[in-house]
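Worksheet: the structure to be examined is printed underneath.
Where a number appears in this text, it was derived from the coordinates with a stated rule and is not lab data. As the structure is a prediction and not an experimental result, all values here were calculated from the model. Positions of Cβ are backbone-derived with ideal geometry, glycine not excepted, and every protein chain shown enters the neighbour counts.
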Amino acid sequence: MKNKGLAVKIIRPVGILLFLGVLAYWLIRIFQLIQVEMSAGDENYFGNLQVFLLSWLAVFFFVNLLAWANFKFLFLKWKERNIPWYLFWGLELLLLMVFFEFLQWTVMYEEEILKDNLILTGVVALYFLAITWFFDLMYTRRKQTELIQQKEKAELNLLQSQLNPHFLFNALNSTYSSAIQEESPHTAAQILQLSDLMRFALEKSKKDFISIEEELDFVDKYIRIQKNRFGSTGEKSMDIEINWDGFPVDISPMLVQPFLENAFKFSEFGPGNQNGKILVRISVEEEELSIHIENTYLKGQLRDNKGTGNGIDLVKKRLKSLYPAKHSLTIKDTGKVFTVLMKIDLRK
């Protein structure tokens, strides 16, 4: 994150130097052209200069327009893994081929100009790389700003809730002490788990990154509470596996919980219903997080819970901002089974 912040900070001076350098180049070229035209005794050198400037201005505008379209419709889709790498690079080479052939066509395919056109095409390719890098930095900066604003808004909504979360946290601790005194160990354990979840939501969720051990521990406690909520039906209807190879790695907090919440909220099973199923497979191996969540559901449950997908939408935005080109997310809906497949490369 620090490296990205440093890269963003150098955009302004680099952009200014680029602008001044290009401006100086064209001023020098214009001055040289005026000298050549005047020494040749051409009385119409200002007219020739106007044609020269207009033609290169048109080329400059066209190349920049092409570079922007390339970034918007090709680079971003490739970065977000919406198109395969071979298709992306194939289209990139096709653009350069079209540009080169256009240059050849303008000079009637003269062999003497072939070398110059190849050099110019190479310069345009380098310019494409530079402008794409610049656009990508600006795009990342804007996305990070949006993410920070969303996080601040969520924290504000939490503070504006009718019951103060710290009050609930303290009340749970008091209830836990009472359960211990009344010799109700099962109730005390449930209260302690709920208290830990609230502590995590209040403290850990505000951090940019936490250890994978903390995230998996939170997920495990969340699932245990859901099992307790559904009683014996939950034990029979849930197929849960969480595996970690023990290698320490960091992750942005609460990326998994919204998908689990969605599965439990819309799941078909419940008291008196033995047919519904929830399957959860979570593994962390070689610094890669893999998630597979499935749940059966009834269409009536979707109708009764409209507008509950905000958590998943927020996770999608966080993934694009925090793990660009390092994650994949597939959500399938067959009408009876809802499936989430997600992978995140956690390597820094």
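Which entries in K77/K227; K204/K227; K206/K320 show an alpha-carbon gap greater than 30 Å?
Pairs exceeding the cut-off: K77/K227.
What distance in nm separates the simple spin-label points at I225 and H292, each placed 7 Å from Cα in the Cβ direction?
2.8 nm
For M198, M238, what's the fewest-to-most ordering of other Cβ within 10 Å of each Cβ?
Least to most surrounded, the residues fall as M198, M238.
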